[in-house]
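Supplied in structure tokens, the structure appears directly below.
The values are calculated or read from the model by the stated rules, or taken from the named source; none is laboratory data. Just so we're clear, the structure is a prediction, and the values are computed from it rather than from any experiment. We place every Cβ from the backbone using ideal geometry, glycine too, and count neighbours over all the protein chains shown. Note: areas computed on protein heavy atoms with side chains; ligands, DNA, RNA excluded. Shrake-Rupley method; radii C 1.70, N 1.55, O 1.52, S 1.80 Å.
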Amino acid sequence: MSFPKHPSYKHTGVELLGEVPKHWELKRFKQVLKERNERSEFGEERLLSVSSYTGVSPRDEIIVDGEHLSRAESLEGYKLCYENDLVMNIMLAWNRGLAFTVYDGIVSPSYCVFTIADDSDPKFLDYLVRSNEYTLYFEAYSSGVIKSRLRLYPDTFGQLVCGMPPLDEQKAISSFLDVETSKIDGLVSEQRRLIELLKEKRQAVISHAVTKGLNPNAPMKPSGIQWLGDVPQHWEVVKFGQLCNVVRGGSPRPAGDPTLFNGDFSPWVTVSEITKDDEIDLTETLTFLTEKGSQESRLFNAGTLLLTNSGGSLGVPKILQIEANANDGVLGFLDLELNHHFAYFYLTTLTEYLRGIVKKTGGSTQINLNTHLIKQLAVPVPPKDEAEQIVGLIFESRDKFRTLQAEAERAIELLQERRTALISAAVTGKIDVRRKEEHVQY
């Protein structure tokens, strides 16, 4: 949908900002915002953090398990901020690392805090300072040799120009954007839910194929394993230990010895290499061992089925397509007498089950699988030709689900681009939204 433009424009004098409506006032940020430098006496206020994705959020709501609320021993001396203040991470202002807070609290002493110095609408200002045009503007005036070290110092920020509409128009713009971005966010959430449903459906297809087969009319028999249930009557149910030798990788010692690690001799497989994506094959690694390090670690041949055996991401399989060493967080299935892809897909159905039984039997915070547990794990074994047919069907189904997922991910990308463009157009006056009452379609 197209939006009307304002009747006339004037140049801001800043190439990155271009023109703004003629009736808008050109101000410097120091006329709109005033730096606040109040400090917490005891550090007991709620700790806040600023993110390029979520804006200002309570730190205790965004940390993941295992992370600390703060690395500092005390929050005494942290900067106070109040609702409608601007919180800026000066190292990330160029990457939307600034936002107006809806919370009272404290933030890192390395942040800058600004209070609104006039009657400007905080919601409008939040959209403005996080828009594409203004973050590029902030980047251009940040100091530093490389991008990761850029800093937008408060004095520099205060000298930068902004185009400010009258207060009633600011509120009209922020209200318009609240409504329209909420619609887009809802559509994005729907697409993300669709992606999760597609993943669940794909895994259900895999699970059924590797435990029940392809023939819905095939006679079934009890597997003797409660969690496995019935399997086709002509299939065998054996233990992994009867099909292969399950061994654990090994890390060279001592771990900090530079003559062992950071070499260029042998690819080095870690848990993170296996869990970094959902690809079946592992064809390369980021790090290598030295020749000495390789000799003191377990080497796996190309074609070996691997499984992560430690940490919160245990139970993830991968098929190694290169000769490589692996650390002790990885299990290898040597001389496996089963279609490797069938075994791979079967293991993907057991990830949560394996994590569950390890948590029940383990008493430490670091949960681990062991080779004995995997050797005792039951596996249904179809005839060789049937296993190949099952794998072929899974690959076909997997490709279809991937296509649908890619379409949903592309829809999300387009919606997010639309959201960003709409915000930029509104806060820089490229469109006039004051009298726009029609329903916007996305």
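I want the local charge near Ser8. Using Cβ-Cβ distances under 12 Å, sum +1 for each Lys or Arg and -1 for each Asp or Glu among the other residues.
+1
Counting Lys +1, Arg +1, Asp -1, Glu -1, what net charge surrounds Leu214 among other residues with beta carbon under 13 Å of its beta carbon?
Residues near Leu214 contribute -3 overall.
What list of ³J(HN,Hα) values in whole Hz, one per residue of region 259-265 in order, does the Karplus curve 6.51 cos²θ - 1.76 cosθ + 1.60 (θ = phi - 60°) give from phi, with Gly and Pro shown as x?
Along region 259-265, the couplings run 7, 9, 10, 6, x, 9, 9 Hz.
Solvent-accessible area of Val56, probe 1.4 Å, all protein chains present, reported in Å² to the nearest ten, please.
10 Å²
Starting from the Cα of Lys359, draw a straight line to each of the lysines and keep only those under 20 Å, dropping any in the same chain fewer than 8 residues away.
Lys375
Ok, one more. I'd like to check one number: the per residue accessible area of region 152-252, probe 1.4 Å, reported in Å² as a whole number.
Dividing the accessible area of region 152-252 by its residue count gives 50 Å².
Take the alpha carbon gyration tensor of region 175-269, find the square roots of its eigenvalues, order them as a ≥ b ≥ c, and report rounded if a/c is under 1.5; if not, report prolate when a/b exceeds b/c, else oblate.
In terms of gyration-tensor shape, oblate.
Expressed as an acute angle from 0 to 90° and rounded to the nearest 10, what is the orientation of the C-alpha long axis of helix 167-212 relative to the principal long axis of the chain?
0 degrees
To the nearest 10 degrees, how steep is helix 351-361 against the longest Cα principal axis of the chain, on a 0 to 90 scale?
Roughly 80 degrees between the two axes.
Express the carbon and sulfur contribution to the solvent-accessible surface of the chain as a percent, rounded to the nearest whole number, probe 1.4 angstrom.
49 percent
Taking only DSSP H segments of four or more residues, each worth -39500 (n - 2.57), what value at 222 nm results for the chain once the sum is divided by all its residues, to the nearest 500 deg cm²/dmol?
After summing the helix terms and dividing by residue count, I get -11500 deg cm²/dmol.
Residues with beta-carbon under 12 Å from that of Ile322, excluding Ile322: net charge, scoring Lys, Arg +1 and Asp, Glu -1?
-3
Go through Val433, Val145, Val50 and say which Cα lies farthest out towards the positive end of the charge dipole of the chain; charges sit on Cβ, +1 for Lys and Arg, -1 for Asp and Glu.
Val433
Just tell me which lysines come within less than 21 Å, Cα to Cα, of Lys199; anything on the same chain fewer than 8 places away is out.
Those lysines meeting the cut-off are Lys212, Lys276, Lys318, Lys400.
Sort the following peptides by mean Cβ neighbour count (other Cβ atoms within 10 Å, averaged over residues), highest first: 250-257, 411-418, 323-330.
Ranked from most to least packed, the peptides come out as 323-330, 411-418, 250-257.
For the Cα atoms of the chain, what angle does the longest principal axis make with the long axis of helix 384-427, in degrees from 0 to 90, nearest 10?
Tilt of helix 384-427: around 10 degrees.
Something else now. Please list 3J(HN,Hα) in residue order for region 266-277, calculated via the Karplus relation 6.51 cos²θ - 1.76 cosθ + 1.60 where θ = phi - 60°; whole Hz, with x for glycine and proline.
10, x, 10, 9, 10, 4, 5, 5, 6, 9, 5, 7
Give the accessible surface of region 294-346 per residue, rounded to a whole number of Å², with probe radius 1.4 Å and ligands, DNA and RNA excluded.
31 Å²
So for region 225-348, averaging the separation of alpha carbon pairs under 8 Å that are six or more residues apart and normalising by length, what relative contact order in percent results?
About 32 percent, as a whole number.
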